[in-house]
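The values are calculated or read from the model by the stated rules, or taken from the named source; none is laboratory data. Please read these numbers as outputs of a predicted model, since none were measured by experiment. Because the Cβ atoms are built from the backbone with ideal geometry, glycine has one as well, and the counts that use them run over all protein chains shown. These accessible areas exclude ligands, DNA and RNA; they are computed on the full protein's heavy atoms, side chains included. Shrake-Rupley method; radii C 1.70, N 1.55, O 1.52, S 1.80 Å.
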Amino acid sequence: VQLQASGGGLVQAGGSLRLSCAASGSRSSIAVMGWYRQAPGKQRELVATITRGETTNYADAVKGRFTISRDNAKNTVYLEMNSLKPEDTAVYYCNLNTWTGNTYWGQGTLVTVSS
């Protein structure tokens, strides 16, 4: 299974970015897709997840600012990020879990928010 993430970049505080992650090669149905992030010197943390039925879960730090969505036909998950803050600076990783219990990670895309 391959996860190809895109959409990262440099943005000023208050700005917006949209991340995309397309999954390919999965023979098992995808259950949950999500985004995690890892800032320099910190552990990887959950940002948001979405089930196949589109039930969402967000970290408190991003609630009201980020929106996760998915296109099941395209095996793609999106993360719309608004009102970005410098503390959102991190490498963002997409993740998926299949119904058979396998977990896969994308290569990461860097988001830098300048103050």
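Within region 1-16, the residues that satisfy the criterion of being out of contact with any Phe, Trp or Tyr (no Cβ under 9 Å at 6 or more places or on another chain) and open to solvent by less than 30 Å² (accessible area, probe 1.4 Å) are 9, 11, 15. Of all residues in region 46-64, those satisfying the criterion of being more than 13 Å from residue 97 (Cα to Cα) and touching a residue at least 24 places away in the same chain (Cβ under 8 Å) are 47, 48, 61, 62. Check region 108-115 and report whether any residue there is farther than 18 Å from residue 7 by Cα and touching a Pro at 6+ places or on another chain (Cβ under 8 Å). Yes, region 108-115 contains at least one residue that is farther than 18 Å from residue 7 by Cα and touching a Pro at 6+ places or on another chain (Cβ under 8 Å).
Of everything in region 1-35, what is closer than 18 Å to residue 112 by Cα and either among the polar types (S, T, N, Q) or out of contact with any Ser or Thr (no Cβ under 9 Å at 6 or more places or on another chain) (or both)? Give them in sequence order. Passing the criteria: 6, 12, 16, 17, 18, 20.
Tell me which of these residue 43 doesn't satisfy, since it passes every other one: (1) touching a residue at least 12 places away in the same chain (Cβ under 8 Å); (2) closer than 19 Å to residue 88 by Cα; (3) among the polar types (S, T, N, Q). Exception for residue 43: condition (1).
Out of all the residues in region 1-17, which are hydrophobic (A, V, I, L, M, F, W, C) and assigned to a loop (DSSP other than H, G, I, E, B)? 1, 13, listed by residue number.
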